[in-house]
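Note sheet for the following structure.
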Amino acid sequence: MTTPPNPADLAAHPHHRWMREALALAEQAIGLSEPNPRVGCLIVADDGTVLGRGHTQQAGGPHAEVMALRDAAAHGHPVRGATVIVTLEPCAHHGRTPPCCDALAQAGVGRVVMALEDPNPLVAGQGAARLRAAGIEVIAGIEADAARELNIGFFSRMQRQRPWVRLKVAASLDGRTALPDGTSQWITGEAARTDGHAWRRRAGALLTGVGTLVHDDPRLDVRLVATARQPLRVVLDSNLAAPLGARVFQSAGSALVYAAQPDAERLATFTAHGIEVVQAAGAHGRVDLAAVLADLAQRGINELHVEAGAQLNGALVRERLVDEYLIYLAPKLLGPGLDMAAFGPLAELSQAAELRFHRIERVGDDLRILARPAA
């Protein structure tokens with residue numbers, strides 16, 4: 001009888017250790033590589049010496065494998081016969097850059113260890129197949145779960161043709177996001193606010209509703225952490241009621257408005273101010289949320305970060321379009337106030353939107369809760 005391998009022994013294998021280092025490299029592509037996936041790559045000699053390191057650059061720039069090959073060359077390290085550790089299958093198609101699988105084959109590497117297959121239909125196993133055809137050993141499935149989490153939005157866009165929707169809320173312990181008059185600055189502490197901007201940086205787009213735009217006039221950008229690029233700013237505004245002087249339209253970078261059936265004169269005014277308006281009419285004069293997500297996916301948005309009011313939050317919950325809840329809970333009680341999401345009332349408890357806790361951590365004096373739909 002064969003004894004199954006000990007998971008702890010497998011996790012201690014050098015491939016796993018190197019893959020975790022490659023994943024740390026891939027994290028450096030957050031806020032840089034959109035819409036491309038975040039990929040990290042190591043090139044390792046047989047004696048364990050790391051010959052080259054790299055991660056994905058901005059769209060149109062070199063991929064992780066090419067950066068690692070360049071790094072090895074810059075240090076005078078030959079890579080023939082070496083092992084390549086990469087967090088996603090090397091690409092096999094001509095996009096803005098040549099195929100990475102061909103670059104690795106031309107370099108003469110001996111083995112490629114990858115975390116998981118690329119979900120892009122233009123790759124989807126073809127990169128690994130071409131490497132094997134070139135006589136290169138391919139090993140897959142190393143630290144696959146962590147690699148998928150890092151690119152959860154890219155997988156969502158490729159497999160579901162919609163972004164990964166993350167709904168962010170800052171609330172008191174009794175679930176209030178503001179006082180009855182709308183006052184909300186600041187319920188959570190500085191550390192939580194900075195952490196929230198780090199999550200904004202992950203996103204290809206930040207979304208809010210016209211109500212939040214009118215009441216809070218948010219800039220809807222990344223300011224509290226360093227970033228190489230600003231996400232697309234998206235506003236849902238059924239009737240184009242947003243003030244053209246709102247900060248979201250004045251800041252550098254792109255802004256996009258989704259409307260239902262706006263007045264023609266108002267539409268012309270927005271267009272004259274250089275604001276792109278997409279009409280996505282849904283039921284009851286509202287914006288079609290599913291159509292918005294489909295359009296954003298077509299625009300290359302992997303992760304959509306939502307910071308909105310109770311009405312829009314409730315609509316997203318009601319239509320089961322939220323993939324992940326990012327909730328900051330402050331250790332304070334506010335009593336009467338505004339809710340996280342308005343989507344009830346429910347007739348019975350079985351109708352509740354059931355979630356599972358994915359991760360809970362303390363951030364400063366507050367709690368950060370990541371929760372996902374239970375099914």
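Details
- Point-to-point label distance, residue 370-residue 284, nm (Cα→Cβ direction, 7 Å offset): 3.3 nm
- Shape of region 6-81 from the C-alpha gyration tensor: oblate (a/c of 1.5 or more and a/b not above b/c, with a ≥ b ≥ c the square roots of its eigenvalues).
- A simple count of charges around residue 182, restricted to other residues whose Cβ falls under 14 Å of its Cβ and scoring Lys, Arg +1 and Asp, Glu -1, yields -3.
- For residue 101, net neighbour charge (Lys/Arg +1, Asp/Glu -1) across residues whose Cβ lies under 13 Å away: -3
- Kirkwood Rh, angstrom, region 254-363 [1 / mean 1/r, Cα pairs]: 16.9 Å
- Taken as Cα centroids, region 109-160 and region 168-235 sit 34 Å apart, rounded to the nearest whole angstrom.
- Value at 222 nm in deg cm²/dmol, rounded to 500, when DSSP H runs of n ≥ 4 in the chain each add -39,500 (n - 2.57): -8500 deg cm²/dmol
- Residue 311 versus residue 239: modelled label distance in nm, points set 7 Å from Cα along the beta carbon direction: 1.0 nm
- Gyration tensor (alpha-carbon) shape descriptor, region 177-275, a/c threshold 1.5: oblate
- Three semi-axes describe the equivalent ellipsoid of region 176-231; taken as square roots of 5 times the Cα gyration tensor eigenvalues and ordered largest first, they are 22, 15, 8 Å.
- Net charge of neighbours whose Cβ lies under 15 Å from the Cβ of residue 345, counting Lys and Arg as +1 and Asp and Glu as -1: -1
- Taking all C-alpha pairs of region 46-141, those more than 22 Å from each other amount to 19 percent.
- Note on region 272-337 and region 75-98: Cα centroid distance 38 Å, given to the nearest whole angstrom.
- Distance histogram for region 87-163 (every C-alpha pair counted, 5 angstrom bins, percent rounded to whole numbers): 3, 17, 25, 24, 18, 9, 3, 1
- For peptides 197-209, 78-90, sequence by mean Cβ density within 10 Å, most packed first: 78-90, 197-209
- Fully extending the segment from residue 186 to residue 320, taken as 0.36 nm per residue of separation minus the present Cα-Cα distance, adds 45.4 nm.
- With all protein chains modelled, accessible area of residue 162 [1.4 Å, Å²]: 40 Å²
- Within the accessible surface of region 29-177, defined with a 1.4 Å probe on protein heavy atoms only, the carbon and sulfur portion equals 50 percent.
- Förster-model FRET efficiency, 51 Å R0, residue 173 and residue 134, C-beta, rounded to 0.05: 0.30
- A protection proxy built from the mean count of other Cβ atoms within 10 Å ranks the segments 35-42, 139-146, most packed first, as 35-42, 139-146.
- When DSSP beta bridges are restricted to pairs lying wholly in region 1-145, around 55% turn out antiparallel.
- 5 angstrom amide H check on residue 169, placed H, neighbours 5+ away: 326, 327, 328
- Contact order, relative form, for region 216-375: 15 percent (alpha carbon pairs under 8 Å, 6 or more residues apart, mean separation divided by residue count).
- Theoretical FRET efficiency, 1/(1+(r/R0)^6), r = Cβ-Cβ of residue 148 and residue 214, R0 45 Å, to 0.05: 0.70
- Sequence-distant residues sharing a close amide H with residue 279 (under 5 Å, placed H): 259
- Taking label points 7 Å from Cα along the Cα-to-Cβ direction, residue 75 and residue 361 give a separation of 2.8 nm.
- The chain: relative contact order as a whole-number percent, Cα under 8 Å and 6+ apart: 15 percent
- Residues in region 108-176 average 39 Å² of solvent-accessible surface per residue, probe 1.4 Å, ligands and nucleic acids excluded.
The values are calculated or read from the model by the stated rules, or taken from the named source; none is laboratory data. What you see is a predicted model, and the numbers here were worked out from it, not measured in a lab. Quick reminder, even Gly has a Cβ in these numbers, built from the backbone with ideal geometry, and neighbours come from all protein chains shown. Each accessible area value is taken on the protein alone, full model and side chains, heavy atoms only, with ligands, DNA and RNA left out. Shrake-Rupley method; radii C 1.70, N 1.55, O 1.52, S 1.80 Å.
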